[in-house]
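Note sheet for the following structure.
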Amino acid sequence: MLSIVIDGFFGDTGKGKVISYLAIKDNLDIAVRGGVGPNAGHTVVYKGKTYKLRQIPSAFLNENTRLLIGAGVLVNPSIFLKEVELTSTKGRAFMDFQTGIIEEKHIEEDRSSEYLRGKIGTTGTGCGPAMKDRVLRVLKLAKDYPELSEFLVDVAYEVNEAIDHDKNVLLEGTQGTFLSLYHGTYPYVTSKDVTAASICADVGVGPKKVDEIILVLKSYVTRVGGGPLEGEYSEEEAERLGVLEIATVTGRKRRAAPFNFNYAKRAIMLNSPTQIAITKLDVLFKDDFGKTQYNKLTKEARDFIEKIENELSLPVTIISTGPDAIQTIDRRKELGLI
Ligand code: IMP
Ligand code: MG
């Protein structure tokens with residue numbers, strides 16, 4: 001069984017939270033991180049503890065889950081090693097031999113470029129310059145670093161073997177559909193495509209192997225950095241509505257806008273999801289904080305979910321009602337999907 005979790009907006013929809021829930025609930029055998037690299041920050045909250053992860057898959061909460069990073073992803077070795085330590089995942093966290101490595105010079109280039117840092121508003125983590133070097137075929141790979149040797153495996157082989165032996169595998173997308181280099185709001189995008197097809201390519205699995213694609217949409221839209229954002233609230237308005245967030249990686253204020261069906265429909269076209277996860281429902285409907293049963297939601301919240309299902313013609317299977325992994329409504333059984 002192979003599932004992919006993809007972000008349908010501009011990143012920061014709460015993929016980390018959804019994945020951490022699935023890791024526990026579905027007892028994942030393997031979780032693999034795709035996407036760009038340490039420019040993405042995933043927040044996982046469990047039993048009162050908060051983890052902010054930029055390299056290790058968000059599924060780490062389940063101690064039985066093997067944690068891999070695909071060959072298409074970039075790794076900053078010092079961030080990776082710190083997170084292995086923080087999450088106590090040595091012995092089950094690995095990356096592909098051909099994972100690209102970010103060096104100090106890439107970070108410097110990202111941060112000193114007026115165009116990248118100033119205009120595009122990059123995260124300054126060196127991802128764009130490292131991708132440039134990868135395209136030029138001068139980037140160093142994980143296998144060039146002796147200090148990483150104990151963390152290296154053939155990720156594509158492992159993942160395909162696991163799928164062929166009916167194991168439960170999940171691919172973690174990062175960033176968001178409209179930050180895609182090809183399909184996003186160019187030039188205000190990240191340095192790679194990040195749609196479902198690319199996450200497969202990052203890891204090395206063919207599209208025919210995918211069973212479920214879960215598109216994560218937040219109850220409102222946010223974006224950090226430059227670029228268009230339909231219906232953007234003023235900062236005061238966002239604050240008043242309780243949707244003003246602070247970015248995980250950069251500490252910047254996130255720009256915010258209402259839930260957007262145009263974006264959602266295009267994200268569906270680009271990613272072919274089979275189901276939808278809605279996050280931060282409790283931010284729009286305060287009375288629904290922490291609820292774990294659909295029929296306990298307020299009428300307003302259920303109307304919102306039904307409208308999404310009707311407009312998008314897909315089932316809303318996972319609903320997040322708070323930051324903790326367990327603050328989740330899972331409708332997959334009731335909808336006949338598991
Ligand atoms: P870069 O990926 O650091 O080059 O940044 C390019 C653009 O993508 C900037 O607008 C960043 O804020 C945005 N970006 C990159 N990764 C993420 C993410 O994981 N969440 C949200 N925005 C991101
Ligand atoms: Mg994030």
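Checking each residue in the range 307-316 for being under 23 Å from the mean Cα position of the chain (by Cα) and part of a helix (DSSP H, G or I) picks out 308, 309, 312.
Of everything in the range 127-139, what is open to solvent by less than 90 Å² (accessible area, probe 1.4 Å) and either away from ligand 1 (no atom under 16 Å from the Cβ) or basic (Lys, Arg) (or both)? Give them in sequence order.
Step one: filter the range 127-139 for residues open to solvent by less than 90 Å² (accessible area, probe 1.4 Å), giving 127-131, 133-134, 139.
The one that is open to solvent by less than 90 Å² (accessible area, probe 1.4 Å) and either away from ligand 1 (no atom under 16 Å from the Cβ) or basic (Lys, Arg) (or both): 134.
The lone criterion from (1) within 21 Å of the chain's Cα centre (by Cα); (2) open to solvent by less than 80 Å² (accessible area, probe 1.4 Å); (3) closer than 25 Å to residue 43 by Cβ left unmet by residue 304 is number (1). Checked against the criterion of being closer than 25 Å to residue 198 by Cβ and open to solvent by less than 50 Å² (accessible area, probe 1.4 Å), the range 278-299 contains one or more residues that satisfy it.
Does the range 1-24 hold any residues that are within 17 Å of residue 201 (Cα to Cα) and surrounded by fewer than 24 Cβ atoms within 10 Å (Cβ to Cβ), and which are they? Of everything in the range 1-24, those that are within 17 Å of residue 201 (Cα to Cα) and surrounded by fewer than 24 Cβ atoms within 10 Å (Cβ to Cβ) turn out to be 2, 3. Annotation: residue 119 fulfils all but one of (1) within 14 Å of ligand 1 (Cβ to nearest atom); (2) crowded, with 19+ Cβ neighbours inside 10 Å; the unmet one is (2).
Select from the range 217-265 the residues that are more than 21 Å from residue 53 (Cα to Cα) and of a type in the set (S, T, N, Q) and write down the one among them that is surrounded by the most Cβ atoms within 10 Å (Cβ to Cβ). Ranking the candidates gives 219 first. For the range 149-164, check the following and say yes or no: at least one residue is free of Cβ contacts under 8 Å to residues at least 40 places away in the same chain and either among the β-branched types (Val, Ile, Thr) or within 21 Å of residue 38 (Cα to Cα) (or both). Within the range 149-164 (the criterion being free of Cβ contacts under 8 Å to residues at least 40 places away in the same chain and either among the β-branched types (Val, Ile, Thr) or within 21 Å of residue 38 (Cα to Cα) (or both)), the answer is yes, since at least one residue qualifies.
Listed residues 3, 58; which is within 16 Å of ligand 2 (Cβ to nearest atom), under 21 Å from residue 154 (Cα atoms), among the hydroxyl-bearing types (Ser, Thr, Tyr) and touching a residue at least 60 places away in the same chain (Cβ under 8 Å)?
Values: 3 fails: within 16 Å of ligand 2 (Cβ to nearest atom).
From the options 3, 58, the qualifying one is 58.
Rundown of residues vs (1) closer than 14 Å to residue 39 by Cα; (2) more than 14 Å from ligand 1 (Cβ to nearest atom); (3) touching a Ser or Thr at 6+ places or on another chain (Cβ under 9 Å), yes/no style:
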{"residue": "73", "(1), (2), (3)": "yes, no, yes"}
{"residue": "91", "(1), (2), (3)": "no, yes, no"}
{"residue": "102", "(1), (2), (3)": "yes, no, yes"}
{"residue": "106", "(1), (2), (3)": "yes, no, yes"}
{"residue": "109", "(1), (2), (3)": "no, no, no"}
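Among the residues in the range 31-45, are any more than 14 Å from ligand 1 (Cβ to nearest atom) and outside any strand (DSSP E or B)? No, because not a single residue in the range 31-45 is more than 14 Å from ligand 1 (Cβ to nearest atom) and outside any strand (DSSP E or B).
The values are calculated or read from the model by the stated rules, or taken from the named source; none is laboratory data. Only a predicted model underlies this, so the values are computations on that prediction, with no experimental measurement involved. Don't worry about glycine lacking a Cβ; one is built from the backbone with ideal geometry, like all the others, and counts go over all protein chains shown. Note: areas computed on protein heavy atoms with side chains; ligands, DNA, RNA excluded. Shrake-Rupley method; radii C 1.70, N 1.55, O 1.52, S 1.80 Å.
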